[in-house]
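The values are calculated or read from the model by the stated rules, or taken from the named source; none is laboratory data. Here the structure is a predicted model, which is why all the values come from computation and not from measurement. For neighbour counting, all protein chains shown are included, and Cβ atoms are generated from backbone atoms with ideal geometry for every residue, glycine included.
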Amino acid sequence: MGVAEDLSSLRDEALDSVASANDLTALEAVRVAFLGKRGSLTSVLRGLGALAPQDRPVIGQLANQIREELEKAIATRRDELASQALAARLQAESVDVTLPGRKRSPGKQHLIHQIVDEITAVFVGLGYCVAEGPEVELEYYNFTALNHPPEHPARAATDTFYVRDLSDEASNVPGECDVLLRTHTSPVQVRVMERQAPPIYVLVPGKVYRRDVADPSHLPRFTQIEGLVVDEGITFGDLKGTLEHFVREVFGSTRRVRLRPHFFPFTEPSAEVDVSCGICGGEGCRSCGGEGWLEVLGCGMVDPNVFSYVGIDPERYSGFAFGMGAERIAALKYGVPDLRLLVEGDMRFLRQF
């Protein structure tokens with residue numbers, strides 16, 4: 001009869017499709033195509049009502065036998081494909097324990113922290129103590145107590161990151177209590193002088209913030225290291241000798257040092273310190289712009305006005321202060337052409353140190 005032949009042909013086609021399915025997704029598609037609600041075999045079973053009454057039991061029994069055979073073939077093929085998938089996964093994820101282990105590079109200190117530790121060790125060896133302070137600071141400590149006049153350009157919002165203006169709440173002097181991100185670590189020096197009587201020998205490393213656009217010689221956030229000495233009989237000669245010792249400890253004993261007159265609001269007299277170029281030996285080259293010298297830091301004798309803010313007698317005590325950028329020291333020592341390389345996190349660069 002025609003329906004029985006159609007069922008046999010459908011059975012052979014389905015079994016061939018099951019055998020040729022090469023993954024579980026393809027096998028599921030075969031099951032739906034033949035045994036799903038709209039599958040080929042299901043359509044045949046729905047058409048049993050159109051057959052003659054004497055043919056219905058025979059065709060129905062044959063259709064059920066084919067359905068059971070297909071379900072069994074699909075289940076067997078599913079187990080085979082699952083086993084193959086598991087074997088492939090195990091093969092892909094297997095580890096050959098006889099292979100040598102992968103070498104992992106140990107972690108190292110960042111170059112900036114290396115420089116900070118190196119400089120700190122120099123001054124601790126001279127008897128200095130390390131002091132720390134808040135990075136979010138009051139304008140009084142950042143500017144006023146350091147002898148910056150109200151009209152000083154560093155106070156402008158174009159140069160300094162201001163966080164909050166508290167002048168109306170806590171002070172009758174505009175700007176005295178503005179909250180800002182410190183532009184140098186000098187506020188820590190003021191706080192130390194407020195709570196500690198001389199003699200004072202402190203080194204203050206820390207992060208500072210300025211409204212600078214990042215370029216080869218400037219960063220908006222960098223590491224500053226400042227020093228302060230307050231004692232009886234401190235002279236500019238003490239300052240010069242201290243900085244010469246520092247430069248030779250960090251850059252080498254053959255480097256020469258010179259001081260140039262400069263101006264800072266909180267020191268008088270003030271100077272900038274240069275070190276002879278390590279590439280040309282002071283003869284002049286492209287690295288030093290033909291000058292033979294490279295600027296290292298700023299320094300000076302503490303202005304008596306600063307002592308008046310912290311209650312130290314300027315007739316009895318004198319002192320000096322200096323400040324430098326750790327990134328600049330690192331760049332000068334190792335010939336780094338662009339300060340941005342120090343903060344971009346490029347491991348190809350950092351692994352050199």
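Residue by residue, here is whether (1) within 30 Å of residue 339 (Cβ to Cβ); (2) in contact (Cβ under 8 Å) with a residue 60 or more places away in the chain; (3) assigned to a helix (DSSP H, G or I) holds:
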site	(1), (2), (3)
62	no, no, yes
73	no, no, yes
85	no, yes, yes
99	no, no, no
115	yes, yes, yes
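The residue that is surrounded by the most Cβ atoms within 10 Å (Cβ to Cβ), among those in segment 220-235 that are under 23 Å from residue 317 (Cα atoms) and not aliphatic (A, V, I, L, M), is 227. Looking at segment 247-264, can you tell me whether even one residue there is in a helix (DSSP H, G or I), of a type in the set (D, E, K, R) and assigned by TED's automatic domain parsing to the domain that holds residue 337? Yes, segment 247-264 contains a residue that is in a helix (DSSP H, G or I), of a type in the set (D, E, K, R) and assigned by TED's automatic domain parsing to the domain that holds residue 337. Within segment 280-301, is even one residue in contact (Cβ under 8 Å) with a residue 12 or more places away in the chain, surrounded by 21 or more Cβ atoms within 10 Å (Cβ to Cβ) and of a type in the set (S, T, N, Q)? Within segment 280-301 (the criterion being in contact (Cβ under 8 Å) with a residue 12 or more places away in the chain, surrounded by 21 or more Cβ atoms within 10 Å (Cβ to Cβ) and of a type in the set (S, T, N, Q)), the answer is no, since none of the residues qualifies. Restricting segment 163-196 to residues that are surrounded by fewer than 22 Cβ atoms within 10 Å (Cβ to Cβ) and of a type in the set (S, T, N, Q) leaves a set whose member that is modelled with the lowest pLDDT is 172.
Condition check for residue 283 on (1) outside any strand (DSSP E or B); (2) within 23 Å of residue 315 (Cα to Cα); (3) touching a Gly at 6+ places or on another chain (Cβ under 7 Å); (4) of a type outside the set (S, T, N, Q): one failure, at (2). The set of residues in segment 265-280 that are of a type outside the set (A, V, I, L, M) and part of a strand (DSSP E or B) comprises 267, 268, 269, 270, 272, 274, 276.
So for segment 322-335 (the condition being surrounded by 16 or more Cβ atoms within 10 Å (Cβ to Cβ), in contact with a Pro (Cβ under 9 Å, 6 or more places away or on another chain) and assigned by TED's automatic domain parsing to the domain that holds residue 115), does at least one residue qualify? The answer is yes; a qualifying residue exists. Could you list, in sequence order, all residues of segment 247-277 that are surrounded by fewer than 19 Cβ atoms within 10 Å (Cβ to Cβ) and closer than 28 Å to residue 141 by Cβ? Scanning segment 247-277 gives 259, 261, 262, 263, 265, 268, 269, 272.
Return yes when residue 239 is touching a strand residue (DSSP E or B) at 6+ places or on another chain (Cβ under 7 Å) and crowded, with 20+ Cβ neighbours inside 10 Å and no when it is not.
Numbers: touching a strand residue (DSSP E or B) at 6+ places or on another chain (Cβ under 7 Å): yes; crowded, with 20+ Cβ neighbours inside 10 Å: yes.
Answer is yes for this residue.
Between 303, 313, the distinction of being closer than 13 Å to residue 230 by Cα, of a type in the set (D, E, K, R) and in contact with a Ser or Thr (Cβ under 7 Å, 6 or more places away or on another chain) belongs to 303 only.
Per the conditions (1) out of contact with any helix residue (DSSP H, G or I) (no Cβ under 8 Å at 6 or more places or on another chain); (2) under 30 Å from residue 200 (Cα atoms), the sole criterion not satisfied by residue 277 is (2). Hey, among the residues in segment 65-84 that are farther than 13 Å from residue 19 by Cα and of a type in the set (A, V, I, L, M), which one's surrounded by the fewest Cβ atoms within 10 Å (Cβ to Cβ)? So, considering only residues that are farther than 13 Å from residue 19 by Cα and of a type in the set (A, V, I, L, M), the one surrounded by the fewest Cβ atoms within 10 Å (Cβ to Cβ) is 82.
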